[in-house]
């Protein structure tokens, strides 16, 4: 009875070693530790990545800041001359008292640079003449304008004015009540084209085409757009990223950014004139047929043979050629 009680209910005897039928047990604490370590590594890598990207953004912003300051104080005329030569001449005129301002714009980083021309009137104000203000609706001049412009273009202008009024609510001097309204009206005039009665003096974007290539300013803007650093910018990067402790250091940084330098490609160019010896050493590359090569070799051989004959003829001694005897009057002939 004792043996039958020890046997299992199914009739299969139990094995003596209970560990043979079961796999090794893995403690849960080890899996939790490995997952925790992996998460800590990911968090650390993420922090390092964020710190490095933040450092790059700060570097980029500092370089762009130097570019704006240098463009506004040193190379305004050179930049504006490439954008619009007529406006550059007006800015250069001391009677106009114009000021070009630069600033950042854009919705993403890195920002792009925009510029705008301001006229300093010293509190006297200025006035723009446009047909939209001078011509009254009830005058005969408006009828003549409609005939000259054509009905389609005239009606389009009226509809455009109505659209701007519905959008901004302040599109005429009559709508101005407060100082805020005046600033909004002035900004709208700057953005409105001259054909519609505006000033056409909006914030314009500064592209690489408007910056001279001989300046580091070009390399900085190119680095902001493409992310590629030039060798010329790498050399000056350490000094440009320093915090200027004095005004002299700041001016020196702006001078480096706006300084006109000789392009590196010019140093590798050779002069057009070459001495005769150097010209003879140059081998003309090109494809020639076998017949042409054989003709050239024959001509060279013939030229060498003719040259050797001339040289041998010049080195031979000259023989006495017999000729008639001449009787000298002082010596008698025997």
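Using a basic spin-label model with each label point 7 Å from the Cα along Cα→Cβ, how many nm lie between residue 241 and residue 65?
The modelled label-to-label distance comes out at 1.4 nm.
According to the square roots a ≥ b ≥ c of the eigenvalues of the Cα gyration tensor, what is the shape class of the range 24-163, taking rounded for a/c under 1.5, prolate for a/b larger than b/c otherwise, and oblate for the remainder?
Values: a/c = 5.22, a/b = 2.19, b/c = 2.38.
It comes out oblate by the Cα gyration axes.
Consider a paramagnetic label point 7 Å from the Cα of residue 112 along Cα→Cβ; state which residues of the range 32-73 have an amide N under 18 Å from it.
Only 61, 64-65, 67-68 pass the distance filter.
What FRET efficiency would be calculated for the residue pair residue 195, residue 46, taking the C-beta separation as r and a Förster radius of 51 Å, to the nearest 0.05?
0.40
With 5 Å bins from zero, work out the P(r) of the range 91-156 over every alpha carbon pair and list the percent per bin.
The percentages, shortest bin first, are 3, 12, 12, 13, 8, 8, 14, 18, 8, 3, 1.
Once the Cβ-Cβ distance between residue 291 and residue 208 is put in as r, and R0 is 35 Å, what FRET efficiency do you end up with, to the nearest 0.05?
Numbers: r = 53 Å, r/R0 = 1.51.
In this case the efficiency is close to 0.10.
Please give the FRET efficiency for residue 182 paired with residue 37, using the beta carbon to beta carbon distance and R0 = 45 Å, rounded to the nearest 0.05.
After rounding, the FRET efficiency stands at 0.10.
Which of rounded, prolate or oblate describes the range 131-198 when judged by the alpha-carbon gyration tensor and an a/c cut-off of 1.5?
In terms of gyration-tensor shape, prolate.
List the relative contact order of the range 131-198 as a percent without decimals, with contacts defined as Cα pairs under 8 Å and 6+ residues apart.
Dividing the mean separation by the residue count of the range 131-198 yields 26 percent.
So what's the gap between the Cα centers of the range 129-202 and the range 36-98, to the nearest angstrom?
Between the Cα centre of the range 129-202 and that of the range 36-98, the gap is 36 Å.
Every number in this text was worked out from the coordinates using simple rules, so none of it is lab data. Since the model is a prediction, treat every value here as computed from it, not as a measurement. Positions of Cβ are backbone-derived with ideal geometry, glycine not excepted, and every protein chain shown enters the neighbour counts.
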